[in-house]
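Working notes for the structure below.
The values are calculated or read from the model by the stated rules, or taken from the named source; none is laboratory data. Bear in mind the structure is a predicted one, so any value in this text is a computation, not a measurement. Glycine gets a Cβ as well: all are built from the backbone with ideal geometry, and neighbour counts include every protein chain shown. Ligands, DNA and RNA are excluded from the accessible area calculation, which covers all protein heavy atoms including side chains. Shrake-Rupley method; radii C 1.70, N 1.55, O 1.52, S 1.80 Å.
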Number of protein chains: 2
Amino acid sequence: MTTPQRETSDGTVGRTLAVLDLVAEFGRPVRFAEILPKAGLPKATLYRFLQTLARQDMLAFDDSRQTYAPGMRLVRLAHSAWAQSSLAPVAQDVMDHLARDIGQTIHLAQLDNGAVLYVDKRNARQPVEMFAQSGKVGPAYCTGVGKAMLAHLPEDRLAQAISRQSFHAHTDRTLTTPAALRDDLARIRERGYALDDEEHEVGIACIAAPILSGNGRVIGAISVTTTTDTTSRDQLLALAGPVKEAAAQIAAAADTWRFPEHKQA
Amino acid sequence: MTTPQRETSDGTVGRTLAVLDLVAEFGRPVRFAEILPKAGLPKATLYRFLQTLARQDMLAFDDSRQTYAPGMRLVRLAHSAWAQSSLAPVAQDVMDHLARDIGQTIHLAQLDNGAVLYVDKRNARQPVEMFAQSGKVGPAYCTGVGKAMLAHLPEDRLAQAISRQSFHAHTDRTLTTPAALRDDLARIRERGYALDDEEHEVGIACIAAPILSGNGRVIGAISVTTTTDTTSRDQLLALAGPVKEAAAQIAAAADTWRFPEHKQA
DNA sequence: CCATTAGGTTCCAAATATTGAAACTCAGTT
DNA sequence: AACTGAGTTTCAATATTTGGAACCTAATGG
């Protein structure tokens, strides 16, 4: 039906998963009473949902503190998701090479509900930061990877994505209107790369390129991040080539990619 | 009702999540027909479950190939889980130090349903392997971290965990009986560290220490992995000190750990 | 020290969503 | 043209979910 209501979610499963999201959003262990008002569910119902999620190990309940936090089953499942549904495994080699070649922090991201979902990363120096970065979400309208992806979205999906942006002025260079953003997106399409010139964080700039599949759909983006005090704008722009090249390689790899055969006894 | 059928799991949510696990276990995109026999559910029911999961972005459905794979929402959620329910954030500094000091691959793991769940890792050299390692599960009976944790489980939970082990002889040194394992666990308790001397993979040895909370419960384990052709047994044993030390530090950090305060406008 | 409240938990009849056998659709075969 | 296998939809029967209200505790405070 054309009921533009919020047909929020389907069935018990949907409602329960919404609660899971809610708990995850807190970013810290939460108590029943903190969730209740935000959930908009009757006490008894929320209670049952939390119980179920906890029994299912989707949430971990801390007896002593009486708090709920996302459970380890999610980590297990996500490993699977990351390994088979993300661009990360396919892009691994390209990421390694690019990281070695230019020695800067690089990110691999995908678009997820209008937001940027980072799926892999290489740090300039440090050993890792793992998951600490993979799985993280960020805004699309003010990051290099975000804009690179938005720029190549078909109009309907773009409109939808834009409507979900919050347009918070993180810095005084942040684009804060759909119009300004659309202008930039047009430029990005022409150049083939996106710039985030301190739009998200002061002192941080990055250059990003979209990863386009054979049929022209955006399937992700890759970016190099630098600090303005160690890297000039020209130096950053000089990276456009390598970044676009890497994006193209990942795209090619993704088109070829077939799942490695598995078999278990 | 008094139909003591298979009350396998709770409600629709439980049954749906079981299907999610099932899909994840395949380790590759799967088609409806492949899932059906393993699910033990009526066609229509399985179909609805998959639909729901896909709509919820817990599964990604590939239109062209008609396959289901774990979805990106899991990656988002897992980030949250990892950041707040795992030992990883607390152990970060200790991991970094240990990695720097001994320059070998180190793992941080937790026990999850009788299996080892790796939650963090530092590679000897390479930039990363990310998620590729975090979220991975492995056997408990033949890995250093696994045995270190089993050794400190209270009897009831140990018995339960042991009953879940598959005791596959990965190498000719693998302990393949509960009795042999229990012997080793006793030794581990005495020494304070566990050894995996090519029990899981030929040419790979590791030394691991349990991470015990203030009240004596195992909350995880940490290990150093080496290859037998670059490191002698004595050299490996010499790492017992640093590993135990690191474990103790993580334990201490975990006991102190309070969640950093958050607030959003 | 009892009264009061706030955070949790349990009940249970009514309302609803789930169930799954069967029928159906849409390729690809034979 | 009839068949087959994979995937999708239907729909009445029925098991599940629902949530208001009662019920437990600790805590809090007067």
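Numbers at a glance
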item	result
Residue pairs meeting the criteria (Cβ under 6 Å; at least 6 apart or on separate chains; first without any contact (Cβ under 8 Å) to a residue 60 or more places away in the chain, in region A:84-98; second open to solvent by 20 Å² or more (accessible area, probe 1.4 Å))	A:S85/B:A60; A:P89/A:A83
Residue that is farthest from the other protein chains (Cβ to nearest Cβ), among those in region A:20-67 that are touching an Asp or Glu at 6+ places or on another chain (Cβ under 9 Å) and either open to solvent by 30 Å² or more (accessible area, probe 1.4 Å) or within 11 Å of DNA strand D (Cβ to nearest atom) (or both)	A:K38
Tally of residues being near DNA strand C (Cβ under 8 Å from one of its atoms) and either at positive phi or not in a helix (DSSP H, G or I) (or both) across region A:10-46	3
Options A:L17, A:L87: the member that is open to solvent by less than 20 Å² (accessible area, probe 1.4 Å), at pLDDT 90 or above and at the interface with chain B (Cβ under 7 Å from one of its Cβ atoms)	A:L17
Test: A:R76 is of a type in the set (D, E, K, R), in contact with a helix residue (DSSP H, G or I) (Cβ under 8 Å, 6 or more places away or on another chain) and facing chain B (nearest Cβ under 10 Å)	yes
Residue pairs meeting the criteria (Cβ under 8 Å; at least 6 apart or on separate chains; first assigned by TED's automatic domain parsing to the domain that holds A:R157 and more than 19 Å from A:P154 (Cα to Cα), in region A:204-230; second assigned to a loop (DSSP other than H, G, I, E, B) and charged (D, E, K, R))	A:I204/A:E198; A:A205/A:E198; A:T228/A:E198
Some residue of region B:68-88 being outside the structural domain of B:A205 (by TED's automatic domain parsing) and within 12 Å of DNA strand D (Cβ to nearest atom)	yes
Region A:47-62 residues that are in a helix (DSSP H, G or I), paired with ones that are among the acidic types (D, E) and within 12 Å of DNA strand C (Cβ to nearest atom) (beta carbon under 7 Å, 6 or more apart)	A:T52/B:D10; A:R55/B:D10
